[in-house]
Amino acid sequence: MKLILTSTVDKLGLAGDVVEVRDGYGRNYLVPQGKAIVWTRGAEKQIEGIKRARDAREVRGVEHAQEIRAQLEALAVKVSARASEEGSLFGSVTANDFAVAVKKAGGPTIDKRAVSFAKHIKTLGQHTAQVKLHPAVTAHIPFEVVAA
């Protein structure tokens with residue numbers, strides 16, 4: 001089955017790539033998840049738009065990633081979440097919550113899929129998030145979870 005990837009898929013390709021996969025993998029996973037569209041001559045015209053969007057979001061290189069890392073590590077990021085009086089959260093802090101908090105703190109827009117935590121964050125206080133900006137550059141950003 002020939003598909004056009006609409007987002008990056010590990011061990012398969014980047015957004016805008018035309019790939020050949022087994023029918024079941026494409027029909028049952030990639031297409032329903034929105035990670036790919038079926039290749040046709042009409043869909044071939046969409047590849048340039050997908051690649052332009054990917055390039056706009058993508059970090060340009062190691063130097064650019066290191067600049068962004070310096071910006072992120074200098075920020076004072078505060079994530080507000082609902083919490084009990086004992087300090088435990090109703091739920092947990094998500095990568096999306098963190099990405100929004102970085103933007104509010106005056107930082108650059110980061111992709112929530114690049115954010116990871118060492119463990120689930122379910123308490124108030126200081127924590128650290130890892131943001132993978134480039135295969136060779138990872139930013140470790142300290143942040144504080146405060147009661148909303």
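Close amide-amide hydrogen proximity is noted between T6 and G16, A36, I37, each under 5 Å apart and 5 or more residues distant or on a separate chain (H modeled in the peptide plane; Pro and chain starts excluded). Hand me the tally of lysine pairs in region 62-147: alpha carbons under 19 angstrom apart, and the pair either on different chains or 8 or more positions apart. Within region 62-147, the lysine pair count is 11.
Principal-axis analysis of the Cα atoms of the chain puts helix 62-73 at an angle of about 30° to the longest axis.
For the pair A136 and S7, a Förster radius of 25 Å applied to the C-beta separation gives a FRET efficiency near 0.70, rounded to the nearest 0.05. Computed from Cα atoms, the angle from the helix 47-57 axis to the main principal axis of the chain rounds to 20 degrees. Reported to the nearest whole Å, the Cα centre-to-centre distance from region 100-148 to region 1-80 is 21. Taking the Cβ of G106 as the centre, find all other residues whose Cβ is under 14 Å away and add up their charges (Lys, Arg: +1; Asp, Glu: -1). Local net charge: +2. Taking a Cβ cut-off of under 13 Å around V38, the surrounding Lys, Arg, Asp and Glu residues balance to a net charge of +1, with basic ones at +1 and acidic ones at -1.
Only the coordinates and a few stated rules stand behind these numbers; no lab work does. Please read all numbers here as calculations on a predicted model, not as lab measurements. When we count neighbours, we look across all protein chains shown, and the Cβ atoms used for this are built from the backbone with ideal geometry, even at glycine.
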